[in-house]
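Following: one structure in structure tokens, then a few remarks.
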Amino acid sequence: LKHPFAALDSITTGHVVSCRMHPDSDHLHCCQVDVGAEALLDIVCGAPNVAEGQKVAVATVGSRLPDGTVIKKSKLRGQPSHGMICSERELGLSDDHAGIMVLPEATAVGQRLVDVLDLDCEVLDLSITPNRADCLSVLGLARETAMAFHLPLTIPELPLDFSEDSPALPIAIENPELCWLYAGRVISDVKVAPSPAKIRYRLMACGVRAISNLVD
């Protein structure tokens with residue numbers, strides 16, 4: 001049993017109440033951020049996409065980032081900075097460092113980021129013996145667990161939209177005595193793009209790198 005996102009336990013959600021340009025810099029911003037504390041936090045941020053009104057991920061003073069960096073009170077070009085507004089890469093959630101991670105507008109302030117993103121806090125690390133090929137899938141493990149603990153098994157519905165206009169591809173089995181059946185499906189109008197965050201985070205929790213919506 002492991003907690004793959006334990007390094008994010010101290011990261012909280014915040015609301016950028018104000019954002020203005022740093023008086024002595026052409027790329028830094030001086031922000032005031034509400035993290036649910038008694039007072040707003042002064043945070044200097046260099047991300048180009050930071051803006052007033054955003055909901056963001058904040059590492060407060062004393063927090064430790066996944067790379068081991070500990071957030072301390074500091075001054076950046078004379079302006080106080082008591083925390084960090086984080087990007088996905090700084091949080092170890094992706095390689096994206098183009099800007100800070102912007103959360104949905106409805107995100108509550110002062111919540112743990114792991115709770116807001118519904119990140120997996122417990123992951124079972126199982127070793128399957130060669131004779132249990134039926135447990136080499138999530139459904140197989142769920143079935144085995146349900147039987148062992150006398151629990152109901154819920155099989156998710158996966159509705160398929162069959163179209164009579166789908167193109168039929170010719171299949172030629174050259175050695176039918178060796179291959180009795182070949183089954184396939186044509187999927188069209190697919191756009192390759194990054195997977196939704198929930199899928200990417202689930203893969204990360206299992207130690208698998210997300211590639212794209214098709215691969216994932």
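The values are calculated or read from the model by the stated rules, or taken from the named source; none is laboratory data. These numbers were taken from a predicted model, which means no experiment stands behind them. Don't worry about glycine lacking a Cβ; one is built from the backbone with ideal geometry, like all the others, and counts go over all protein chains shown. What goes into the accessible areas is simple: the full protein's heavy atoms, side chains included, and nothing from ligands, DNA or RNA. Shrake-Rupley method; radii C 1.70, N 1.55, O 1.52, S 1.80 Å.
Of all the numbered requirements in (1) under 13 Å from the mean Cα position of the chain (by Cα); (2) open to solvent by 70 Å² or more (accessible area, probe 1.4 Å), residue 203 misses one, and that requirement is (2).
Among the residues of the range 83-111, those identified as under 13 Å from the mean Cα position of the chain (by Cα), in a loop (DSSP other than H, G, I, E, B) and hydrophobic (A, V, I, L, M, F, W, C) are 91, 93, 101. All conditions in (1) open to solvent by 70 Å² or more (accessible area, probe 1.4 Å); (2) touching a residue at least 24 places away in the same chain (Cβ under 8 Å) hold for residue 72, with the sole exception of (2). Among the residues of the range 35-53, those that are over 24 Å from the mean Cα position of the chain (by Cα) and either open to solvent by less than 20 Å² (accessible area, probe 1.4 Å) or among the hydrophobic types (A, V, I, L, M, F, W, C) (or both) comprise 37, 39, 40, 41, 43, 44.
Among the residues making up the range 11-60, those that are part of a strand (DSSP E or B) and without any contact (Cβ under 8 Å) to a residue 12 or more places away in the chain are 20, 21.
Does residue 73 satisfy the condition of being within 30 Å of residue 26 (Cβ to Cβ), of a type in the set (Lys, Arg) and in contact with a Gly (Cβ under 8 Å, 6 or more places away or on another chain)? Against the criterion (within 30 Å of residue 26 (Cβ to Cβ), of a type in the set (Lys, Arg) and in contact with a Gly (Cβ under 8 Å, 6 or more places away or on another chain)), residue 73 does not qualify.
Hey, among the residues in the range 175-200 that are basic (Lys, Arg) and under 29 Å from residue 165 (Cβ atoms), which one's least open to solvent (accessible area, probe 1.4 Å)? Going through the qualifying residues, I end up with 185. Identify all residues within the range 84-104 that are closer than 22 Å to residue 74 by Cβ and free of Cβ contacts under 8 Å to residues at least 24 places away in the same chain; write none if there are none. Correct list: 89, 97.
Summed over the range 76-116, the residues that are out of contact with any Gly (no Cβ under 7 Å at 6 or more places or on another chain) and open to solvent by 30 Å² or more (accessible area, probe 1.4 Å) give a count of 25. Total residues in the range 46-69 satisfying the condition of being farther than 15 Å from residue 19 by Cβ and either among the small types (Gly, Ala, Ser) or at pLDDT below 95 (or both): the figure is 10.
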